[in-house]
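Shown next, in structure tokens, is the structure this report addresses.
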Amino acid sequence: MAVRVARSDDPPGAVAVVLRLGRILLVTTAVLGPAALAWAATALVRGRPAAWRLAWPRLVTLLTWLGPAFVKAGQVLGTRRDLLPSALCDALATLQDSVAPLSAARAAEALAEVYGDEVDTLFAEVDYAAIASGSVACVHRARLTSGREVALKLRRPGVDRAMRLDLRLVRRGAALVAGLPPCRGVPVVEVVDALCAAVLGQLDFEREAANLVRLRADLAVVPRVWVPQVVPEACRPQCIVMEFIRDLDLDAASRCPSAARRKFAASALTAMYEMLFVNGFVHCDLHPGNLYFTESAQVVVLDAGFSVQLTERLRLLFADFFLNMAIGDGDKCAAIVVESSAEVRPDADLAGFLDRMADLVRRSHKLPAREFSLIAFATEMFDLQRRHGIHAAPELIFPLLSLLVIEGTIRDLDPEADFQELARPVLVKGRFGAR
Ligand SMILES: Nc1ncnc2c1ncn2[C@@H]1O[C@H](COP(=O)(O)OP(=O)(O)O)[C@@H](O)[C@H]1O
Ligand SMILES: [Mg+2]
């Protein structure tokens, strides 16, 4: 009789579910209990805003203790400046996957589980000491038997099972909470489902590898931008094998002369615009760590796990919005926001929104380039939408947020960077040019 060996990604049993639930409840109570007391005391003495400022970092600690599914969910939530208070987003942005790498022996075991006997035929050498380790994967340097130097992004053994279990529990929890009277009418289950889907997406390495291939082709036209080439025949559902990029260093740009830094800024921003306005396929997670500048003058784009495909309609609307922003036509921009929205509430104040939105665009247009802030602009726009009952389309929010993610990086590289001027040629290409 064939004996089936349990694999690290097999579904969990009932005992594991109960133990995990117990641990989640215990950790949550241990952190939130004292946090609630501290909140109440601070709110009494120093007011609610101060109490929340103290509370958010504790929430971040809680998520870190709860593990990868919660860390990833927190990271996704932290990008939603359209929905959540800025102080909470700032706190969530500090969530790091600070997880110890697998030991060399465990990494070797994990690789053997993925490749079986093929390990020796595919790889001439593997450096089992990870060069980077996140909560979902570790990255290793290796050499193929063809002699080519590659990076292996290897999923942690068991992470799939652990995250699926946690998300299942979170969904159950959400269903319970949704039934409580204060939550009637709030789309708790839908929001949690969307969040879980985004988190699960991080586990899908076949899609991530396909996203890298697509981005590499799309961004080939942007000077200096480099997306590592995937080696498809060596990839597996749990491991992405790609060209190894040497000398990635988060501080490389700071050692470059300012002329080079300005070029970096222009290339990175042009890459973003190319994705948004020309291809409609957008890497939504270009924070430092996924976007590197090298001393050999390359802009390296990694980690395409969180990428979004815009529909053709939304891509064109997005481009039109920016075109009209570049010429300061506030009325057109306001009309586009309404046209692209997912829903206009029955009690929405449409006229009020159109007026104020147009005014925001005109005011922003008059600002000198260095004073224009996308974050400030978007925060005000989100606020207007909320107050006037216009619900933005989620497909449009993520790409917009993706621009916000790189704004700080661009400003650091080149404080004078003109976001609207740099957009112009790409917009013209995306809107009127041959694709
Ligand atoms: N192709 C590569 N060549 C060299 N280093 C890489 C490569 N891909 C990833 N890395 C290193 O591994 C780190 C994590 O990779 P990433 O794909 O961003 O994983 P995660 O999903 O854990 O963020 C990167 O910041 C980079 O330092
Ligand atoms: Mg990354």
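Just a few scattered comments:
- THR61-VAL338 pseudo-label distance in nm [points 7 Å out on the Cα-to-Cβ vector]: 4.8 nm
- Calculated log₁₀ intensity ratio I(q)/I(0) where the Debye formula runs over C-alpha points of segment 216-339, q = 0.10, 0.11, 0.16, 0.23 Å⁻¹: -0.40, -0.48, -0.88, -1.31
- Nearest-0.05 FRET efficiency for ALA351 and LEU83, computed from C-beta distance (R0 35 Å): 0.90
- Highest mean packing comes first when the peptides 84-96, 145-157 are listed by Cβ atoms within 10 Å, giving 145-157, 84-96.
- Pair ALA217, ALA38: separation of 7 Å Cα→Cβ label points (nm): 5.1 nm
- DSSP-loop GluC sites (Glu not before Pro) across segment 406-435, with at most 14 other Cβ within 10 angstrom: GLU416
- Sequence-distant contacts, meaning Cα pairs under 8 Å at least 6 residues apart, place the relative contact order of the chain at 13 percent.
- Cross-link partners for LYS153 among the lysines, with Cα-Cα distance under 27 Å and sequence neighbours closer than 8 places in the same chain left out: LYS72.
- The ellipsoid that matches the Cα gyration tensor of segment 149-198 has semi-axes, each √(5λ) in whole angstrom, of 33, 12, 5, with the longest given first.
- Between VAL76, CYS284, ILE240, the Cα set farthest toward the positive side of the dipole of the chain (charges on each charged residue's Cβ, about the Cα centre) is that of VAL76.
- Across segment 226-263, the residues whose backbone nitrogen lies under 19 Å from the label position 7 Å along the beta-carbon direction of LEU144 are 227-246.
- Contact order, relative form, for segment 250-435: 32 percent (alpha carbon pairs under 8 Å, 6 or more residues apart, mean separation divided by residue count).
- For LYS429, the lysines whose Cα falls under 22 Å of its own Cα, not counting residues fewer than eight places away in the same chain, are LYS263, LYS332.
- Under 5 Å, built H, 5+ apart or other chain: amide partners of VAL150: ALA142, ARG143, LEU144, PHE244
- Spread over its residues, the convex hull of the C-alpha atoms of the chain is 184 Å³ per residue.
- For segment 145-239: Kirkwood Rh in Å [reciprocal of mean 1/r, alpha carbons]: 16.4 Å
- Net +/- balance of residues flanking CYS333 in space, Cβ distance below 15 Å, scoring K and R +1, D and E -1: -1
- HN-Hα J in Hz across segment 71-80 - Karplus 6.51, -1.76, 1.60, θ = phi - 60°, x for Gly and Pro: 4, 5, 4, x, 5, 5, 4, x, 7, 7
- Pairwise alpha-carbon distances in segment 1-156 exceed 20 Å for 65% of all pairs.
- Where trypsin sites (Lys or Arg not before Pro) fall in DSSP loop in segment 186-261, at most 11 other Cβ within 10 Å: ARG246
- Under 5 Å between amide hydrogens, built in the peptide plane, is the criterion, and for ARG236 it picks out VAL241 among residues at least 5 positions away or on other chains.
- Over segment 331-421, relative contact order from alpha-carbon pairs under 8 Å, at least 6 apart, %: 39 percent
- Put simply, the amide H of PHE281, placed in the peptide plane, has neighbours under 5 Å in LEU310, leaving out anything fewer than 5 places away on its chain.
- With eigenvalues of the C-alpha gyration tensor scaled by 5 and rooted, segment 250-435, Å: 29, 17, 15
- Applied to segment 118-124, the Karplus parametrisation 6.51 cos²θ - 1.76 cosθ + 1.60 on θ = phi - 60° returns per-residue 3J(HN,Hα) values of 6, 3, 6, 7, 8, 10, 7 Hz, with x for Gly and Pro.
- Whole-angstrom Cα spans of segment 14-93 along principal axes, big to small: 45, 28, 15
- Counting beta carbons within 10 Å around each of HIS388, HIS140, HIS365 and listing the fewest first gives the order HIS365, HIS388, HIS140.
All of the numbers you see were taken from the coordinates with simple rules; none came from a lab. Worth saying up front: this structure is predicted, and the values here are computed from it rather than measured. Positions of Cβ are backbone-derived with ideal geometry, glycine not excepted, and every protein chain shown enters the neighbour counts.
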